[in-house]
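Before any comments, here is the structure.
The values are calculated or read from the model by the stated rules, or taken from the named source; none is laboratory data. These numbers were taken from a predicted model, which means no experiment stands behind them. All Cβ positions, even for glycine, are placed from backbone atoms using ideal geometry, and neighbour counts span all protein chains on display. Surface accessibility is based on the protein's heavy atoms, side chains included, excluding ligands, DNA and RNA. Shrake-Rupley method; radii C 1.70, N 1.55, O 1.52, S 1.80 Å.
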Amino acid sequence: MRVALLSDVHANLPALEAVLAEIDASARADAIWVTGDTVGYGADPSDVIALLRARSAVLVQGNHDRAVATGEGLDWFHDRAAAAVRMHTKWLSAEERDFLGGLPLTTTVERFTLCHGSIRDPLWEYVTTASAAAASLAEAATPFACNGHTHVPALYVEDESGVRVTLPGTGVAHALTPRAMLNPGSVGQPRDGDPRAAYAILDTEEGTATFYRASYPIDEAQRRIRARGLPEMFAERLALGL
């Protein structure tokens, strides 16, 4: 099976639409998996939720999803992120908030465990080192794990010598075997200096991951953020990929 792996859409509808259009045009994926933070920051949380649900995406809960749904964790956000959370909470219906609040912290599909932060701390841990990836893989019941949260594409492969960091080149199929943890980067708020929407395609039978970037109308996403009165910071970041 070929799977589109997405993360951190953050209510950025133009970015999500561009990624899905690119995937559909190339017939790259049979399924969609999303490793958390569907909402937060952006202008269109309801439309993003609706689109992913219409596509039967498999989702896990991120820290922004939990905060929007329940208010939990707001003290961990800086003031502008907390303001966006509160706005999203008001905009979403009770049913949409219940949907977000009911998402699992982790889920297993075939040989893959999905989480947002890490397996040992699904909502909050940032996996940015090989040692952190090794600690999560040690708790995984599957050979492969997929996460998000950092907004930076990453691939950590474990073999007999330990866990090594692999730089995920765009359009290159990377072997995941025997064990690996990968982060596709962020669809809606990239933070690696490349403002294009990030995603990955998994071949679950071959055990490979290929990382991609999709261009999208950033100016339209910025316009929507400003029109809805969200903090300006989230519009400015889009053009910088920071």
Notebook entry, point to check: THR170 passes all but one of (1) under 24 Å from HIS116 (Cβ atoms); (2) over 19 Å from the mean Cα position of the chain (by Cα); which number fails?
Noted result: (2)
Notebook entry, point to check: Of all the residues that make up the range 142-163, how many are out of contact with any Ser or Thr (no Cβ under 7 Å at 6 or more places or on another chain) and either on the phi > 0 side of the Ramachandran plot or loosely packed, with under 14 Cβ neighbours inside 10 Å (or both)?
Noted result: 5
Check: Only one of GLY207, GLY185 is touching a Phe, Trp or Tyr at 6+ places or on another chain (Cβ under 8 Å), modelled with pLDDT under 95 and open to solvent by less than 60 Å² (accessible area, probe 1.4 Å); which?
Finding: GLY207
Item checked: Identity of the residue in the range 52-88, touching a residue at least 40 places away in the same chain (Cβ under 8 Å) and more than 23 Å from LEU16 (Cα to Cα), that ends up least open to solvent (accessible area, probe 1.4 Å) -> GLY73
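Table: residues versus (1) closer than 25 Å to ASP44 by Cβ; (2) of a type in the set (S, T, N, Q); (3) at pLDDT 95 or above.
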{"residue": "PRO143", "(1), (2), (3)": "no, no, yes"}
{"residue": "HIS151", "(1), (2), (3)": "yes, no, yes"}
{"residue": "ALA175", "(1), (2), (3)": "no, no, no"}
{"residue": "TYR199", "(1), (2), (3)": "yes, no, yes"}
{"residue": "LEU202", "(1), (2), (3)": "no, no, yes"}
{"residue": "ILE225", "(1), (2), (3)": "yes, no, yes"}
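Restricting the range 1-21 to residues that are out of contact with any helix residue (DSSP H, G or I) (no Cβ under 8 Å at 6 or more places or on another chain) and under 25 Å from GLU236 (Cβ atoms), which is most open to solvent (accessible area, probe 1.4 Å)?
Our first condition is that a residue be out of contact with any helix residue (DSSP H, G or I) (no Cβ under 8 Å at 6 or more places or on another chain); within the range 1-21, this holds for 1-3, 5, 7-8, 18-19, 21.
Still in the list and also under 25 Å from GLU236 (Cβ atoms): 7-8, 18-19.
Working: SER7: 0, ASP8: 0, ALA18: 21, VAL19: 0 Å².
Looking at the filtered set, the residue picked out is ALA18.
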